[in-house]
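The values are calculated or read from the model by the stated rules, or taken from the named source; none is laboratory data. As the structure is a prediction and not an experimental result, all values here were calculated from the model. Because the Cβ atoms are built from the backbone with ideal geometry, glycine has one as well, and the counts that use them run over all protein chains shown.
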Amino acid sequence: MKTAGGEDFSPADGILAPPMSNGEVVFEAPWQGRVFGMAVAMAAAGVFEWDEFRACLIEELAGRESAPEAPFHYYGHFLRSLERLLSDKGLLDQALLGERFATYRDRPHGHDHG
């Protein structure tokens, strides 16, 4: 996949490629499309080089070899790769992210966000 400027935004090829159908990236849930779009937008904006992200993703997916029987959730790996890259660059505070995650996780079902 390429941007209008011609930069290749393919996360990986072969078994490391994102879920695809008819040449299009496929998302099972809205958050997956959002995280994919955020990664592409940040790379296009120069926050990081796409090849840096691709290397993190390949490393994350390669770690899966230690547990091949575990269910495979591509975009979970994708998100962890993005978080790690942003953290390594000092752009994301993992502790603060953990706190925010816990806050949202602990809200009761049907919570009014109003």
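Some notes on this structure:
- Meets criteria (surrounded by 13 or more Cβ atoms within 10 Å (Cβ to Cβ) and closer than 20 Å to G98 by Cα) for E52: no
- Entry remark, region 16-25: residues being surrounded by 12 or more Cβ atoms within 10 Å (Cβ to Cβ), free of Cβ contacts under 8 Å to residues at least 60 places away in the same chain and not in a helix (DSSP H, G or I) number 3 in total.
Per-residue answers, yes or no, for (1) touching a Leu at 6+ places or on another chain (Cβ under 8 Å); (2) of a type in the set (S, T, N, Q); (3) not in a helix (DSSP H, G or I):
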| residue | (1), (2), (3) |
| --- | --- |
| F27 | no, no, yes |
| A39 | yes, no, no |
| G46 | no, no, yes |
| C56 | yes, no, no |
| E59 | no, no, no |
| P71 | no, no, yes |
| L82 | no, no, no |
| G90 | no, no, yes |
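- Taking each residue of region 59-85 that is over 25 Å from A95 (Cβ atoms) and looking for partners that are modelled with pLDDT of 90 or more and of a type outside the set (G, A, S) with beta-carbon atoms closer than 6 Å, six or more apart or interchain, yields L61/H77.
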